[in-house]
Amino acid sequence: MTATLLENTSIESLLGEEAENLLTYKAKVSQDLLHLPGSDIIDRVWLHSDRHPQVLRNLQQLYATGRLANTGYLSILPVDQGIEHSAGASFAANPIYFDPENIIRLAIAAGCNAVATTLGVLGSVSRKYAHKIPFIAKINHNELLTSPNQFDQVLFADVEQAWNLGAAAVGATIYFGSEQSTRQIQEISQAFKYAHELGMVTILWCYLRNNAFKQDKDYHVAADLTGQANHLGVTIEADIIKQKLPENNHGYEAVAKATGESYGKIDQRMYTELTTDHPIDLTRYQVLNCYCGRAGLINSGGASGKNDFAEAVRTAVINKRAGGTGLISGRKTFQRPFEEGVKLFHAIQDVYLSPDVTIA
């Protein structure tokens with residue numbers, strides 16, 4: 001297997017000046033409230049749920065694949081950017097990924113637990129790879145050809161198509177807070193119900209979308225708002241929640257102040273007793289809203305940039321110490337040469353394999 005970056009570069013050095021703060025911080029909300037990841041996650045958390053045995057089997061397959069097998073953590077490659085951000089913008093940096101097979105090859109070479117991508121990508125190579133790595137079929141997308149561009153997640157595939165190509169799970173996005181969110185919630189709730197009936201795991205991208213969330217800060221990544229999106233996601237029985245790493249808080253108050261109208265419902269103890277400004281506390285609030293970790297929280301890796309290795313490791317440390325379940329990393333990995341993408345995945349995975357990175 002390809003050597004990892006962290007064989008020669010420590011987690012501490014990648015974290016830089018934040019190392020001590022991130023690696024030794026004690027979270028405000030005790031870990032005793034959480035259902036933490038572990039090798040027994042299915043028996044301990046899911047066994048007494050309403051999930052069919054086939055769902056439990058596919059969950060076990062996700063958790064038992066790749067370098068993080070049987071740790072309770074997940075490392076997933078998502079490549080739906082060909083639609084979400086346009087294929088040219090996504091793959092110009094590395095044109096090999098216009099070919100779907102290379103997407104699957106990257107996930108396998110990197111030791112990922114699963115690959116999450118479109119019906120078209122998975123369907124084009126399903127007979128060759130469905131038995132080699134768990135497939136997560138993303139069934140809805142936002143397209144960017146309508147003029148002016150609109151932001152609405154619409155169904156591109158159905159659950160039965162995902163099942164027929166051998167997917168272990170279906171994935172979907174809801175733009176919570178958007179004008180179309182009510183329709184999206186209803187659509188995906190029904191889709192997840194059918195997916196569970198067929199034995200597939202459900203994974204929800206719980207993203208926020210509303211211009212009102214952009215004020216003095218971008219509150220699309222506020223802990224209070226993303227936490228509530230997570231809570232709505234687990235309400236429609238998402239087994240795993242994908243969410244952006246929180247960067248701030250007090251989103252409810254900012255929107256109310258900007259609009260001059262009442263917005264949502266808050267209790268000040270959300271901010272005084274359940275969170276602080278520390279990124280681990282903000283992320284732990286996201287975990288709390290995933291039924292205290294019963295549904296795993298995977299944070300997204302974000303856009304590619306100059307400091308991808310350091311940023312990815314930082315996100316992994318925050319997620320793990322907060323009680324999260326792993327990372328789902330796309331553009332940082334596939335928008336670079338193949339072997340570098342593998343190394344970046346290994347750098348992330350090494351955080352979850354490290355006994356020195358503990359729950360805060």
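The values are calculated or read from the model by the stated rules, or taken from the named source; none is laboratory data. It should be emphasised that the depicted structure is a prediction, and the values quoted were computed from it without experimental measurement. Please note that ligands, DNA and RNA were not included when accessible areas were found on the heavy atoms of the full protein model with its side chains. Shrake-Rupley method; radii C 1.70, N 1.55, O 1.52, S 1.80 Å.
Per the Cα gyration tensor, the range 87-226 maps to an equivalent ellipsoid with semi-axes of 27, 20, 14 Å, ordered largest to smallest. Straight Cα distances below 16 angstrom link Lys242 to the aspartates and glutamates Asp80, Glu84, Asp224, with same-chain residues fewer than 8 positions distant left out.
Note: relative contact order over the range 171-277, using C-alpha pairs below 8 Å and six or more positions apart, is 25 percent. The Cα-based radius of gyration and maximum Cα-Cα distance (Dmax) for the range 135-187 are 12.3, 36 Å. Rg/Rh, computed from the Cα trace of the range 212-324 with Rh as the Kirkwood radius, has the value 0.97. In terms of distances greater than 32 angstrom between alpha carbons, the cross-link table entries Lys265/Lys332; Lys26/Lys332; Lys265/Lys306 yield Lys265/Lys332; Lys265/Lys306.
Computed over the Cα atoms of the range 165-211, the ratio of the radius of gyration to the Kirkwood radius (Rg/Rh) comes to 1.05. Rg over Rh for the range 266-350 works out to 1.06, both radii taken from alpha-carbon positions and Rh defined as the Kirkwood radius.
To put it simply, the accessible area of the chain at a 1.4 Å probe is 50 percent carbon and sulfur. The residues of the chain expose, per residue, 42 Å² of accessible area to a 1.4 Å probe.
At what distance in angstrom do the alpha carbon centres of the range 182-212 and the range 239-295 lie from each other? If you average the Cα positions of each part, the centres end up 20 Å apart. The helix-based estimate of mean residue ellipticity at 222 nm for the chain, built from -39,500 (n - 2.57) per DSSP H run of four or more residues and divided by its residue count, is -11500 deg cm²/dmol to the nearest 500. Between Ser262 and Tyr194, residue separation times 0.36 nm minus the direct Cα-Cα distance comes to 20.8 nm. In the chain the Cα-Cα distances spread across 20 Å bins starting at 0 as 31, 62, 7 percent of all pairs.
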